[in-house]
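Working notes, structure below.
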Amino acid sequence: MTTTATEQSISKLSLFGYGLLAVPLSFAGLPLYLHAPDYYVAELGLSLSLIGILILAIRIFDAVQDPIIGVLSDKYAKHRLLIIMGSLALLIVSFTMVFHPPQTLIALWFAVSLTLASTAFSILGINLNALGSLWSKDSVEKTRITTWREGLGLIGLLIAAVLPVIIDLHYMAYTLVALCLIAGAAFWRWSQKQKNIVQQSSHFKLDLKKLTHPQMRRYYVIYAISMLASSIPGVLVIFFVRDLLDAENLTGLFLILYFVSGAIGMPIWHQISKHKDKITAWFISMILAIATFIWAFFLGEGDVIAYGLVCFFSGLALGAELALPPAILSDLIDNEKDTEQTSLYFSAQAFLLKATFAGGSGLAFLILGQTDFVPNGDNSQSDLMGLSFTYAFLPCLIKIVAIVALYFWMKSLSSMKEKTNDLKINTASNRRNHHA
């Protein structure tokens, strides 16, 4: 593989200009899916069952539309800058709508505004990921791009986690407007220097067969299993902290510690991927995730320091989970020589992420429903044991399945000696071959 000097070292300023758009993108997600349902139930009087039905319908629609967004984004790739700026504007308008409802037709307003916000979120995320993949052909630089983007995204999550404690939810929309304007201006400036990528003409021809290529299929399966394992604690964390640890007032602090640790871990995983390779780094991070998170299963009331350590060390693994899979997918797309369908590949990944989150939520509540556990209620030790099992032990079991699948994929790649020389996910081999 021939690598230009520009590809070898993208400037930090350029990475910042591109990745800053991930801040408002990540910021918007937490209020939309965590605070908005609670606001419409507690403040506006909608029933839990109605909110549940609406959210389920919106999430199904959101997941199904991702591949369509991917196809259209690839087909009109030369207008990608307009697509991104349009989705940014739609995100501002729809997010503002969610937290500024009218006096009447509240349920309809919630459904329409959240659907529009989810659509804007998907368009922006898919196209931002696609541009990151197209930006460089160098495997190491791809990891830098995803690390910067996801690291800045964690800053958006942190802001979203802290602000509701400080300001009213109504003012979250103004914060999003400010973040979008700043990030949008930085991205526009970046796009003017990367017109060959942003305004890339596409000879798009839909070819779904490449999505099921053996290497691509293995990646998607492993990614889906890993994300399923990660989704279950995300659904149950509030129950675990409040009902088992009896530390509801520390929930925000635990989340902040987890996200900060993820940001700290990203450069570490980048270095490991440079000296080993991305799949090996991902494999190590999964082992770390299990080795640290399993201890949550043994915690009880008042074990806040121990849980803080679990959050910190499992958060380090989060950094790899965010940064490495998109970089691996980007390498696989290049290996397939199918960059014309880049958005479609990332939309398939987005679909899997949303599908596994929905599946993880359903599985978690289904298992808890078989016990007598009552959220924020008087629960017996056996009920809390059921919560511990579902929150901590079950995700580790699922993650082991992902580790085994990843291990066999690694073995398969090693045995394909001729192909691995071309497969850019093996960055260490590529670097040796390149310098040779």
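Quickly run through the range 174-194 and pick out the residues that are under 21 Å from Gly252 (Cβ atoms) and surrounded by 19 or more Cβ atoms within 10 Å (Cβ to Cβ).
Scanning the range 174-194 gives Leu176, Leu179.
Applying the selection to the range 145-188, what residues are among the basic types (Lys, Arg) and more than 17 Å from Gly132 (Cβ to Cβ)?
Result: no residue meets the conditions.
Quickly run through the range 257-284 and pick out the residues that are farther than 15 Å from Leu316 by Cα and in a helix (DSSP H, G or I).
Residues satisfying the conditions are Lys274, His275, Lys278, Ile279, Thr280.
Assigned to a helix (DSSP H, G or I) and either loosely packed, with under 15 Cβ neighbours inside 10 Å or modelled with pLDDT of 75 or more (or both): is that true of Ser429 in this structure?
no
Test Lys278 against the criterion of being surrounded by fewer than 21 Cβ atoms within 10 Å (Cβ to Cβ), in contact (Cβ under 8 Å) with a residue 12 or more places away in the chain, within 27 Å of Val404 (Cα to Cα) and of a type in the set (D, E, K, R), and give yes or no.
No, not satisfied.
Answer with yes or no whether Ala161 is assigned by TED's automatic domain parsing to the domain that holds Ala36 and either among the charged types (D, E, K, R) or at pLDDT below 90 (or both).
yes
So Thr104 ticks every box in (1) outside any helix (DSSP H, G or I); (2) in contact (Cβ under 8 Å) with a residue 12 or more places away in the chain but one. Which box is left unticked?
(2)
Is it the case that Ala89 is assigned to a helix (DSSP H, G or I), of a type in the set (Gly, Ala, Ser), modelled with pLDDT of 90 or more and surrounded by 22 or more Cβ atoms within 10 Å (Cβ to Cβ)?
No.
Assigned to a helix (DSSP H, G or I), closer than 30 Å to Leu134 by Cβ and without any contact (Cβ under 8 Å) to a residue 12 or more places away in the chain: is that true of Leu32 in this structure?
No: the conditions fail for Leu32.
Out of (1) crowded, with 20+ Cβ neighbours inside 10 Å; (2) touching a Leu at 6+ places or on another chain (Cβ under 9 Å); (3) over 30 Å from Leu81 (Cβ atoms), what's the single condition that is false for Asp331?
(3)
Might you let me know whether the range 116-136 holds any residue that is modelled with pLDDT under 95, outside any helix (DSSP H, G or I), assigned by TED's automatic domain parsing to the domain that holds Gly70 and surrounded by fewer than 18 Cβ atoms within 10 Å (Cβ to Cβ)?
no
Got at least one residue in the range 95-104 being under 17 Å from Ala350 (Cβ atoms) and buried (at least 19 other Cβ atoms within 10 Å of the Cβ)?
Looking through the range 95-104, none of the residues is under 17 Å from Ala350 (Cβ atoms) and buried (at least 19 other Cβ atoms within 10 Å of the Cβ).
The values are calculated or read from the model by the stated rules, or taken from the named source; none is laboratory data. Because the structure is predicted, anything quoted here is derived from the model rather than measured. Here Cβ is always computed from backbone atoms with ideal geometry, including for glycine, and neighbour counts include all displayed protein chains.
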